[in-house]
Amino acid sequence: MKTLITTFFLSFFILTGFAQEKSRQQIKEEQKLAKQKVIDALVASKEYEFVADMAYPQGTRSISLTTNPNFLRFQKDTIHSEMPFFGRAFNIGYGGDGGLSFKGPIKDYSIKKGKKNYTIKASVRGNTDTYDIFLTIYFEGSANLSISSTNRNSISYRGVVDKLEEKK
């Protein structure tokens with residue numbers, strides 16, 4: 001009789017312990033929603049940074065950028081870019097800038113929220129060229145960037161979006 005009662009209580013406590021634990025799927029869903037809230041806040045603030053790990057130039061193979069520092073920063077009303085460029089340039093002076101380096105006020109800024117991502121379009125006038133930026137930010141934090149200009153072939157990048165680091 002004591003064994004039966006002891007078994008009953010042990011099984012009761014074990015079952016209640018398992019009932020309170022969350023499943024892996026529930027934990028993943030909560031993490032996904034938390035990351036989506038972070039991305040929502042970043043896009044709403046207009047202050048975030050894209051860092052690429054791959055470049056996709058037109059007409060050639062992809063290029064790893066893991067050892068090449070790069071960024072595209074959105075800061076309220078300004079975009080600052082220090083992205084590498086691989087491809088064909090049409091009307092650049094001799095010894096011209098090798099990358100997509102520009103900083104200027106944002107023109108024609110638009111945000112569209114989809115089911116799984118944000119699509120951001122913007123234009124920026126640099127010193128010598130006008131750049132059209134097309135950024136797709138997925139809710140888990142990854143992103144795709146495409147930059148086209150009048151003097152160069154367009155180029156695409158894959159990377160991540162994160163908050164801006166405060167300057168020291």
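Brief remarks follow.
- For the chain, calculated [θ]222 nm from helices alone, where every DSSP H run of n ≥ 4 adds -39500 (n - 2.57): -8500 deg cm²/dmol
- Which listed pairs, of 28/76; 116/163; 76/116; 37/115, have C-alpha distances above 21 Å, in listed order: 28/76; 76/116
- Ligands, DNA and RNA are left out, and with a 1.4 angstrom probe the accessible area of the range 44-168 is 59 Å² per residue.
- The chain: most fluctuating residue of 114, 104, 126 per GNM, C-alpha cutoff 10 Å: 114
- Highest-fluctuation residue, 49, 29, 82 considered, GNM on the chain with Cα pairs under 10 Å: 29
- Cα-based helix-to-principal-axis angle, 2-20 vs the chain, degrees rounded to 10: 20 degrees
- Principal-axis tilt of helix 24-45 within the chain, Cα atoms, nearest 10 degrees: 30 degrees
- If you wrap the tightest convex hull around every Cα atom of the range 53-141 and split its volume per residue, you get 127 Å³.
- Taken over the chain, the ratio of Cα radius of gyration to 2.2 N^0.38 Å equals 1.55.
- Whole-percent carbon and sulfur share, accessible surface of the chain, 1.4 Å: 54 percent
- Ordered by 1.4 Å accessible area with all protein chains kept, 77, 132 run largest first as 77, 132.
- Structure remark: mean-square fluctuation, Gaussian network model of the chain, C-alpha springs under 10 Å; the largest value among 108, 53, 40 belongs to 108.
- Here the spin labels are modelled as points 7 Å beyond Cα on the Cα-Cβ line, and at residue 45 and residue 4 they lie 6.4 nm apart.
The values are calculated or read from the model by the stated rules, or taken from the named source; none is laboratory data. Because the structure is predicted, anything quoted here is derived from the model rather than measured. Please note: Cβ atoms are built from the backbone with ideal geometry, for glycine as well, and neighbour counts cover all protein chains shown. The protein model used for the area step is the full one, side chains on, heavy atoms only, and it has no ligands, DNA or RNA in it. Shrake-Rupley method; radii C 1.70, N 1.55, O 1.52, S 1.80 Å.
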